[in-house]
Every structure is written in structure tokens, then in C-alpha cells.
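In what follows, a single structure is set out as C-alpha cells and then discussed.
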Ligand SMILES: C[S@@+](CC[C@H](N)C(=O)[O-])C[C@H]1O[C@@H](n2cnc3c(N)ncnc32)[C@H](O)[C@@H]1O
């Protein structure tokens, strides 16, 4: 698999393209990949999924601090992919696999009970009402996330967009398989200690906006 056909933004340097292609060749999975079923087998140790990993700050750090765990980064945009690939390459990380396409294609093609954590950090908020249907958080995707998480697995959501946070909280609280873990306000105002700041978190804080961190357990 190479980067051709992915969503393109700024042109990449020759070196970035080469690294991206090399990393995608070794560390990617896609629909139709000959090892797809084996990779997502429910009989292997659970995986961790990040949807919209952007430049990869979060998943790279998680992969470094949890070397025994397997991670999947889902990102369709070429520039984010190239930054993620450069990090994987320079740190020689073996436990991140990239799905370089739309997350909906992936999550609709997976067997149940395979993820211990699903992370959606600073997703595009699609603020206009008529665009809400483009949000990754929907009643239908919650059903899929619930199917894909193991029992007592976690779904993590972070955003600096207050209305999207309320929208997400409402959908999760109305879902029969999810339970919001927060016990006090600190639990949604602070992220876990091992998390690094992502590019979009840094952008939000520069604008003076404190993000919200929501964590739900699948029961
Ligand atoms: C606002 S950025 C946040 C990136 C990163 N999580 C961060 O916090 O810096 C949203 C990311 O989600 C990705 N994205 C948007 N729609 C997606 C989809 N359907 N599947 C996977 N990723 C998607 C975008 O390409 C973008 O990189």
C-alpha cells in the first residue's frame, strides 16, 4: 500500500514521501489486505484504536509507554500520515499499524470484542447543525463502538468544542452499554497523566479554551 489515492493537502518533500511509503508498506492494514482477518482476530490480545490520529503525537507516545500493546492509527489525510510515519520511522516503532483511510470503512468491517480502548481526540466538530451528521460520534457509531470494545473496555473523547462535548455526552448517556466514568469535575477537566498534548489540544489552549475529556466504560 502506498499513499496514492489518499486525501492530499500540502505537497510532501521527496524524503517524506519515501518514508511514508516505506512505513505504509511495513506497518499498514487496509480492506482486502491478505492478513486483515488474522490481524483483527478476536483470539489475539486486544488492540487500541485511535480515530483521526492527525500527526500522531498521542498514539506514538502511547505506543512508546506501552510497548507490549498493539495500536492502530486511523487517518485519511496525507500530511498527518506523513508526520505520523516519520515518527514511527525515526523511533523504529513496531507496535503501531496505520489504516490510511476513513475510519467508517474500518469500523464497519471488524469483528466484535477486539479493542480495549478507542480514542477520538479533538475530532472535527462540524459546528453547523446541518453538518452534525458528518460527526464521527453518532447513535449508529456508538452501536459499532460498543460492539468493537471488549467488556470493560474504554471509549475516550476529547474536544475543545463545548456543544460537541454536550452532544457526545448525551448520546453516550442514552446508550445502554456505556457508562460515564466521571465522579467529579476534575475527571472531565483533566486528562490521564500519561497523555501528551496533541496538536489540536495545543491550538485550543493557545486560544484560551480548556478542553473536555470524556471517558466511558462499556459495561
Ligand atoms: C481536528 S483534527 C485532530 C487531530 C488529532 N487528533 C489532534 O488532536 O491533534 C481531526 C483529525 O481527524 C481526521 N479525520 C476526519 N474524519 C475522519 C474519518 N472519517 N476517519 C478518520 N479520521 C478522520 C482528520 O483528517 C484530522 O486529522
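Derivation of every value follows stated rules applied to the coordinates shown; laboratory data play no part. Because the structure is a prediction, the values reported are computed rather than measured. Positions of Cβ are generated from backbone atoms using ideal geometry, with glycine treated the same way; all protein chains shown enter the neighbour counts.
Give me the one-decimal nm value for the distance between modelled label points at residue 35 and residue 170, 7 Å along each residue's Cα-to-Cβ direction.
Going by the 7 Å Cα→Cβ label model, 4.4 nm.
Two decimals is fine: what's Rg over Rh for the stretch 97-213, C-alpha atoms, Kirkwood radius as Rh?
Rg divided by Rh gives 0.94.
Compute the long axis of helix 162-173 from its Cα atoms, compare it with the longest principal axis of the Cα atoms of the chain, and write down the angle in degrees, 0 to 90, nearest 10.
Relative to the chain, helix 162-173 is tipped by roughly 80 degrees.
Once both axes come from the Cα atoms, what is the angle between helix 78-91 and the longest principal axis of the chain, in degrees from 0 to 90, rounded to 10?
70
Determine the distance separating the Cα centre of the stretch 129-167 from the Cα centre of the stretch 14-83; give it in Å without decimals.
Using only Cα atoms to place each centre, the spacing works out to 21 Å.
What FRET efficiency do you get for residue 104 and residue 128 if R0 is 30 Å and r is their Cβ-Cβ distance, rounded to the nearest 0.05?
0.90
Can you tell me, using C-alpha contacts under 8 Å and at least 6 residues apart, the relative contact order of the chain as a whole percent?
20
Per-residue counts of other Cβ atoms within 10 Å, averaged by peptide: what ranking do you get for 169-180, 82-93, highest first?
Sorting 169-180, 82-93 by mean packing, highest first, produces 82-93, 169-180.
What number do you get for the chain when its Cα radius of gyration is normalised by 2.2 N^0.38 Å, N = residues?
Computed over Cα atoms of the chain, the ratio equals 0.99.
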